[in-house]
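Read the structure below first, then the notes.
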Amino acid sequence: MTAAGNYALQKFNAGIIFACVLGLVFSYYAYTVEVKKEQNDSYQPLCDISEHISCTKVFMTEYGKGFGLFPKDSVFNISNPIYGLMFYTLITILSMINNYTFSAATVILGIISNILSIYLIHILYLQRDICVVCISMYIINVLNKSLLLRLMLARIPGLFNGGVSSRRLRCKLEVYGTRIGASTPFLLASTLKLLLRDSDDLYVRSGFGGA
């Protein structure tokens, strides 16, 4: 691989690792908040800003474990932040392995994480709640998926061999990757728009819009 190819791989890897570290921090924070809230119902974390801007409000529902998809007695019905910790750790490890197959696997995992993000945003809408920690992780998932896709494209054999045909192919794939990466933010934005459809009323009820 040429110097340009190595530079591209290093750049995408650095971005992915940075995003995963942020994801791990938010996941760990969410897990500690959930544990403390279970131990002490009067516990008020920093992410509980008001009645309708609260992380514990959704953490303590049935959707806070196993994404609300598994029975209570299932081994998969564990805290969502634990899934987050496992996901970001796995993505970090797989992205550092210089192999196209592993890169393709991380892209699939990234797509799944974005589908779950859209699903959980819908849950926030149903709960009439804004979870700052949750939304931060959804944004990280969007950035991660875009970077993982570009990393996979950069690992296609011969893509950075310096020839004219490879440069043309690389340009086309970068455009394609950018379009795919841009699709998820629009989906998330549309779902967030639903969540904030009654934003004026929510703002007043939250205590910030009152006199």
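The values are calculated or read from the model by the stated rules, or taken from the named source; none is laboratory data. Values in this document were obtained by computation on a predicted structure and should not be read as measured data. FYI the Cβ positions are ideal-geometry reconstructions off the backbone, even for glycines, and counts take in every protein chain you see. Please note that ligands, DNA and RNA were not included when accessible areas were found on the heavy atoms of the full protein model with its side chains. Shrake-Rupley method; radii C 1.70, N 1.55, O 1.52, S 1.80 Å.
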For THR101, which of the numbered conditions (1) surrounded by 13 or more Cβ atoms within 10 Å (Cβ to Cβ); (2) under 24 Å from LEU9 (Cα atoms) fails to hold?
(1)
All but one of (1) open to solvent by 30 Å² or more (accessible area, probe 1.4 Å); (2) assigned to a helix (DSSP H, G or I); (3) at pLDDT below 95 hold for GLU51; state the number of the condition that does not hold.
(2)
Among the residues of the range 3-13, are any buried (at least 19 other Cβ atoms within 10 Å of the Cβ) and either hydroxyl-bearing (Ser, Thr, Tyr) or closer than 23 Å to ILE121 by Cβ (or both)?
no
Members of the range 121-141 found to be touching a Gly at 6+ places or on another chain (Cβ under 9 Å) and hydrophobic (A, V, I, L, M, F, W, C), listed by number:
ILE123, MET137, ILE140
Of the residues that make up the range 36-45, is at least one in contact (Cβ under 8 Å) with a residue 40 or more places away in the chain and either closer than 30 Å to TYR7 by Cα or open to solvent by 30 Å² or more (accessible area, probe 1.4 Å) (or both)?
no
Selection from the range 63-93 of residues over 18 Å from the mean Cα position of the chain (by Cα) and crowded, with 16+ Cβ neighbours inside 10 Å yields none
